[in-house]
Structure formats: structure tokens, C-alpha cells
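Here the structure is laid out as C-alpha cells; the discussion comes afterwards.
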Amino acid sequence: MIKNIWKDPLFIVGFLFVFGLLVASFYHLIVLDNEIYEEQYINNEEGMPIEPSSQYWFGSDRMGADLFSQIISGAKYTLGIALAVSLLRVGLSFLGSFLLWRAGRVMPFIKGLSQSFYYIPSALLIFFVVGPIIKLENFTFWEKAFFEMLLIIAIAIPNTSILIKEEINLIEKEEFITSAKLMGGSRLRILSKHILPHLWSKLLLIYVQQVIAVLLLLAHLGILGVFFGGTTMREFTNEYEIPASDSNEWSGLIGGYYYQLRLAPWLVFFPVFSFAAVILAFNFMAEGIKQSANKLSLPTKVKSKSDRKPSLKLVEKESFVFLSEKKTG
Amino acid sequence: MPYILKDSFLSMILSVIGIILLGSVPYMFSGMTFNTSGYLDGITEMFRVMLNPEEIMYFAESGPYPLFPSMWGIYGYSVTILFAAFFIAIIVALMFALFIFMLPSGLKNRIRVFSFVFESIPDVLIAIGIQFFIVWFFKKTNILLFQVVSLYDQKTYFVPILCLTILPTFLILRILLLNIEEEYGKLYVDTARSKGMGRFRILWRHVLPNTLLSVFHQSRNILWFMLSNLLMIEFLFNIYGITSLIRTSGNPAVFTISMLLLFVPMFLFFTLLRVITFKWVGEK
């Protein structure tokens, strides 16, 4: 079932885009040593945020650092965070769905409680909890990033668990599960041998959708100024410092450049645009998975006449043997 | 019918409890370590405060103020924007769907691809894009199309509603197009057609009500998505709405009461939809 997606053009286009971006980003890390080209020569204040041109595709910031290479360099962190966070989200929710699988009477209560997530924008919830903690001085950057990641994972688990549990229940209604139960299959065996093979493609779809949700959340958090990647203050002139992102992680780029929105709009526009492009790519992948799953649920594909004929020849004479002539033993 | 009311009542109670539990999460962490007893104390405190909302204060630069009389204006403003955008999105998407349906199928497919691509654009990009378009237009022609940034006490409605409408419109349009197609494969359409009913009449009287049901089913997700958009738009356009209030206050009580107040109209709306659906098709 999962092999089929490699034949779907939409999935391949989306996958190649994301894969290409990651390859470029690692190429930048390994071969170019993560160096961002900075224009040092025209260091006067008028020319400094360089506008997008053929030399600087996405323009540059006030330090003269090329925005395009910053975005390429940051891609691995942003995509890495999104992929890892969603993997943990889906993995933990998968375990959670087992717990809910036989929850029975408690289920409506759990469902009702987790509904409350639908009335709170998730970016606001994270901003609200993480915001005060991130301002504290006595934690290292990694502790803060880890904490924020944990929260981003945690808020999605209740609803995703319920979603996966409902998918399991849908599969459970199929007839082959009933016959497996009648044959005396234990619960664990039915789960691993009969339910899981049908669940993988659903899980893959949920995973891709979670990646999209995490990317959107990261973009929102970037705008709100709560972001991964760490912030260092770089000296711009003698008088004042401006925040700059350590790792060029995209939501950090948005947050760092947000205050220059009026002066140099491209500095905010291009990181947001990169988010849009990657989200579009993942949407293509999600659509591809949906389409290839639909194809499988309709196996009664009408073959053309030329396809049908040779299949008649394939019927072997040995397949019709009278029982009386059948050699036993 | 009594089942629906009972079930809605249960889910209302549970959602309120859930929101209060989420609102007291800041008490759960002292620094970065879990503090379970602090969380339990926080929850009891939160319940007490929610029962006496007139006690909640928020801190402005000039000192603490009671939240309550002044909050209604802010709240009303955000809710107006949210629901106006939602209903406009439904109406516009319906009109588009009807229009697209009348087009030849080659064009239809192209529009479907276009709406799919458009739907993937993050809300942030649309809000920033519109802002820049207005500024750019102003620079070129010296005509200020709309007030871009709202100043204190001056409420702008048009631009935020416009920004908030765009994405849900595409979302609903896609749901509608997908479901209209699905409905057309069903037998009752053939029956209606064989009786000699007109194309538009079948669409309007039979197919459309059924597809609207699927939009109703999705309305909770759509509104949730719009809440996030509202947060971004209030931040980017510097609107002092309910999410800005939460952002600037940083007080768990303000967060919880605002979320509860936002919950009320949304919940009433969903319950109403359930009742309507029940009367219509007998579906629970």
C-alpha cells in the first residue's frame, strides 16, 4: 500500500522539493562550511539592506548577509524540527490510541475534555506558557529549545490519539476482523496482523498533516517572537544592537527581522515565503497519499479488452482436477 | 432531540473544565520543572476566580484596572470580526461553487488545482501581502485604500475581515466542490434527472443542502483554523482585540476568561448546527 505512493506524481513532486532543499542545506553545511556570504565593502548605512537583485536573490540584511544562503542554511533546522516533532507527535499518539482503544466508558469524558483544544489557538497557548519562561536568564539555549519542543509535541497528542483511535475503530468494523475474532485470534495478534497493515497508510497521512501543522505553528511563533534557534545580539553600529538568529532557523529569521518590516519588507517576506513553499510541497505529498489510497480501495478497475484476453490463457489445465482423479498422499 | 441537548450539555461542561485546566498550565511549571501541587492549587484558584470574574485585574502602564466593563468592547470587536469573516466565507464560497459548477469541466479542474495551491498559503503571508499591497498602492497613487494599522480607539473592520475571509473561503470552496462531485454520483440525482428536472434546480434543491451538511461537519475545524488566523491578524495589523489582550497581559486568569468567552458563541453556534442538522436529516 505504501509502495504505491512512489507512482503518484503529486507525491513525487512534493517529496523531491523537500528532499532537494534538505540536500542543498546539508551541502551548504558540509561543503561550504555553513558560511553565509556577507558583503563587507559597501558598509555605508544607505546601501545596507540590499534589495533583491540578480546577485542577491532574496536581498540581504543590514549586515550585508545574503538572505538566500541564510534560508538554505536554516532549512535543515526548520525541516528537521518539523519532521522530528511530528514523528514524536504521531508516535506518542499511536501509543496513546492503544490506551484509548479499550477505554470504554471513560472515552466520552476524555473526548469532551480534549475538545477544549479546539477553542484555543495553539500558537497562543504555546506563546502564553513558553513566553515567560523564555525570558528567564538562568537556562541554557538548549534547555529552552527542548522545553518548547516538548510543549509543541504535547499539545497535539490528545486530539491526534483520538483521531488514530477512531481510525482503528473504523478498521475494526471490517468483516475480516470479526472472522479473525471468531477464529480465536488474541487481541494483540488482531492488532498486529490485521489492523496495523491497514493503519500504516493512514498514519503516514496523519504524519504529513502534522508536519504541515507544525510548520504553520513555527511560522506563527516566529512572528510572535518565540522561536527556536537562539537569538544573539549583534552590534550594528556603535550605538545599538539588533537581534540576529544564531542558526538561521526560519522562524528565528522571521522573528529577528520582523522589526525591520517597514524598512526592508523582503527580509520578512522571503522566510514566510519559504514556509509557504515547503507547506505547499507537503500538501502535495498529503494529496498524493490520499489519491493512492483511494486507488487501492477501488480494486475493480475495468481493464481494457486487450488486457483481458491473455489472462484467459493463463488458466492452467492442472487447476481443474476431478476429485476422483486427484492423487492423495 | 433530548439526546442532543444532553450530549451538548455534557460536552459544554467538559470543554469548560478543559479550558480551565489548560489555562492553569502556567502554574504547572516553576521555572522549567514540573510542579504538580502548584498546578492543583492553580486549578482551584482558577475555578474560584472564574466564579468571581469582577476580581480580575489587568495591568496597563498607568496601573491595574478591573478587566470587566472594558473587556466587552474588545471581546465584541474580535467576535464580530471572526464570525463576520466566517459567514462571508461561507456565502462567497457558495457563490463561487455555484459559478464554477456551471463552467466546462476542463476549466473546473484548473480552478480546483488553483484553489488547492492557494489554500496552502500560510495566513501570515496573506496578511503581510495585503498590508504591503495597500502601502505600495498608497505610495504610487497617494490614495489610502483602507486604514492599514488601527490606532487606539479607532476600529477598522474591512481589512481584517478581508484577510480573515480569504483562506477559509478557499477551504470551504474545496470541501464544497469535492462533495458536489461526490453527490452527483448518487442515485437520487439520476432519478431527479430522469423525471426531467433542470440541472440548476437539482443542484440548488437537492445537491447543495447535502453538501452544506459536510461544511457543517467541518465547521469546528474551520473556526479553529480561523482563531489562529485571528491571532496573527491582530498582531500584524496592530488591532487591540481579545488575543492581543491575552498576549500583552500574560495573566492566566485573563487568558482563561477570554478563552471561555470566545468559547460561548462558538459552542452555541455548533449546538445550533447540530439541532438544525437533526431537524433536517434526523442525524445525531
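One table, with the values for the structure above:
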| item | result |
| --- | --- |
| Selected residue [within 14 Å of another protein chain (Cβ to nearest Cβ), open to solvent by 30 Å² or more (accessible area, probe 1.4 Å), on the phi < 0 side of the Ramachandran plot and in contact (Cβ under 8 Å) with a residue 12 or more places away in the chain] from B:PRO26, B:PRO53 | B:PRO26 |
| Filter result for B:TRP72 (within 14 Å of chain A (Cβ to nearest Cβ), more than 25 Å from A:LEU216 (Cβ to Cβ) and either open to solvent by 70 Å² or more (accessible area, probe 1.4 Å) or in contact (Cβ under 8 Å) with a residue 60 or more places away in the chain (or both)) | no |
| Residues within the range A:97-107 that are surrounded by 18 or more Cβ atoms within 10 Å (Cβ to Cβ) and either touching a Ser or Thr at 6+ places or on another chain (Cβ under 8 Å) or basic (Lys, Arg) (or both), tallied | 2 |
| Helices (runs of 4 or more DSSP H) contained in the range B:182-284 and holding at least 1 residues free of Cβ contacts under 8 Å to residues at least 40 places away in the same chain, open to solvent by 10 Å² or more (accessible area, probe 1.4 Å) and more than 14 Å from every other protein chain (Cβ to nearest Cβ) | B:187-194, B:199-202, B:208-236, B:252-281 |
| Residue satisfying all of: in the range B:121-149; touching a residue at least 60 places away in the same chain (Cβ under 8 Å) and not in a helix (DSSP H, G or I); nearest to B:ARG201 (Cα to Cα) among these | B:VAL148 |
| Subset of the range A:108-141 (residues that are under 13 Å from B:PRO26 (Cβ atoms), at the interface with another protein chain (Cβ under 8 Å from one of its Cβ atoms) and buried (at least 18 other Cβ atoms within 10 Å of the Cβ)) | A:LEU124, A:LEU125, A:PHE127, A:PHE128, A:VAL129, A:ILE133 |
| In the range B:76-120, the residues that are within 14 Å of chain A (Cβ to nearest Cβ), part of a helix (DSSP H, G or I) and over 14 Å from the mean Cα position of the chain (by Cα) | B:ASN109, B:ARG112, B:VAL113, B:PHE114, B:SER115, B:PHE116, B:VAL117, B:PHE118, B:GLU119 |
| Pairs where the first residue, in the range B:1-23, is in contact (Cβ under 8 Å) with a residue 60 or more places away in the chain and the second is assigned to a helix (DSSP H, G or I) and open to solvent by 50 Å² or more (accessible area, probe 1.4 Å), C-beta under 6 Å, 6+ apart | B:ILE4/B:ARG274; B:ILE4/B:PHE278 |
| Matching option when the condition is within 18 Å of the chain's Cα centre (by Cα), more than 7 Å from chain B (Cβ to nearest Cβ) and either at pLDDT 90 or above or in a helix (DSSP H, G or I) (or both), among A:ILE155, A:ILE168 | A:ILE155 |
| Count of the range B:8-23 residues which are more than 7 Å from chain A (Cβ to nearest Cβ) and among the hydroxyl-bearing types (Ser, Thr, Tyr) | 1 |
| Failed criterion for A:TRP200 (all others in (1) surrounded by fewer than 16 Cβ atoms within 10 Å (Cβ to Cβ); (2) within 14 Å of chain B (Cβ to nearest Cβ); (3) among the aromatic types (Phe, Trp, Tyr) hold) | (2) |
| Count of residues meeting criterion [farther than 24 Å from A:ILE81 by Cα and either of a type in the set (Ser, Thr, Tyr) or modelled with pLDDT of 75 or more (or both)] in the range A:229-259 | 3 |
| Residue in the range B:29-40 that is most open to solvent (accessible area, probe 1.4 Å), counting only those that are in contact with a Phe, Trp or Tyr (Cβ under 7 Å, 6 or more places away or on another chain) and at pLDDT 85 or above | B:TYR39 |
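The values are calculated or read from the model by the stated rules, or taken from the named source; none is laboratory data. As the structure is a computational prediction, the values presented were derived from the model and not from experiment. Backbone-built Cβ (ideal geometry, glycine too); neighbour counts: all protein chains shown. Heads up: the accessible areas ignore ligands, DNA and RNA and are worked out on the full protein's heavy atoms, side chains in. Shrake-Rupley method; radii C 1.70, N 1.55, O 1.52, S 1.80 Å.
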